[in-house]
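Take a look at the structure set out below.
The values are calculated or read from the model by the stated rules, or taken from the named source; none is laboratory data. The shown structure was predicted, so the numbers you read here are calculated from the model rather than taken from an experiment. Positions of Cβ are generated from backbone atoms using ideal geometry, with glycine treated the same way; all protein chains shown enter the neighbour counts.
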Amino acid sequence: MGLGELYLQEVRKRIATDRAQAEKALVQVADHELDWQPNDESNSLAIIIQHVGGNLVSRWTDFLTTDGEKPDRNRDGEFEAHGADRDQLLDLWDRGYDCWNQALASLTEDDLTKTVYIRAQAHTVIEAIERSVSHTAQHIGQIVYLAKCIRASKWQTITIPRRPKQSVR
């Protein structure tokens, strides 16, 4: 296996791990809590899901041949509450990840140095992948944090649990 193939394999693993972490957080939140915002300037879980799904569909549809910012994408609309239910939100989330996974599965080691465009700005395929992984990971961190805030003392750890506090004598 070449270095490029190893890189693509590792990216796919990272994406799957991050996605699973977000989904473990989301299952802890009730449907009505998906729209909770800590303040008027913050996004709800529903809005973050809409944005991630919309971003991934735009970036990864026809990845090598079209600009990653598709003309039919309404990015600003992704940051507005649409009253979508959990199934609708997760459908968009799944479509985004499906686009991403299919695009990555189609890439070869030779594709990694090709040029793609996002908002008319040139990127190597590696740069575009790293940009997407970083962007999505930031939003997954937000999802986990918001879910943890919502669940408070009922939160169930999704990674390595903290060690119990030692009693002081």
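Here are some notes:
- Each residue in region 116-141 was checked for being in contact with a helix residue (DSSP H, G or I) (Cβ under 8 Å, 6 or more places away or on another chain) and either in a loop (DSSP other than H, G, I, E, B) or without any contact (Cβ under 8 Å) to a residue 60 or more places away in the chain (or both), and 4 of them qualify.
- Residue tally, condition surrounded by 16 or more Cβ atoms within 10 Å (Cβ to Cβ) and either out of contact with any helix residue (DSSP H, G or I) (no Cβ under 7 Å at 6 or more places or on another chain) or farther than 20 Å from Ile129 by Cα (or both), over region 56-69: 1
- Set Ala128, Ala105, Ala120, Ala137: member being over 19 Å from the mean Cα position of the chain (by Cα) and hydrophobic (A, V, I, L, M, F, W, C): Ala120
- Checked against the criterion of being outside any helix (DSSP H, G or I) and either out of contact with any helix residue (DSSP H, G or I) (no Cβ under 8 Å at 6 or more places or on another chain) or exposed (fewer than 13 other Cβ atoms within 10 Å of the Cβ) (or both), the candidates Asp98, Asp76, Asp72 yield just one match: Asp72.
- Sole exception among (1) exposed (fewer than 12 other Cβ atoms within 10 Å of the Cβ); (2) assigned to a loop (DSSP other than H, G, I, E, B); (3) at pLDDT 95 or above; (4) under 18 Å from the mean Cα position of the chain (by Cα) for Asn43, by number: (1)
- Screening Asp62 against (1) on the phi < 0 side of the Ramachandran plot; (2) not in a helix (DSSP H, G or I); (3) not polar (S, T, N, Q) leaves a single unmet condition, (1).
- Being touching a residue at least 60 places away in the same chain (Cβ under 8 Å) and surrounded by fewer than 18 Cβ atoms within 10 Å (Cβ to Cβ) holds for only one residue in Gln21, Gln37, and it is Gln21.
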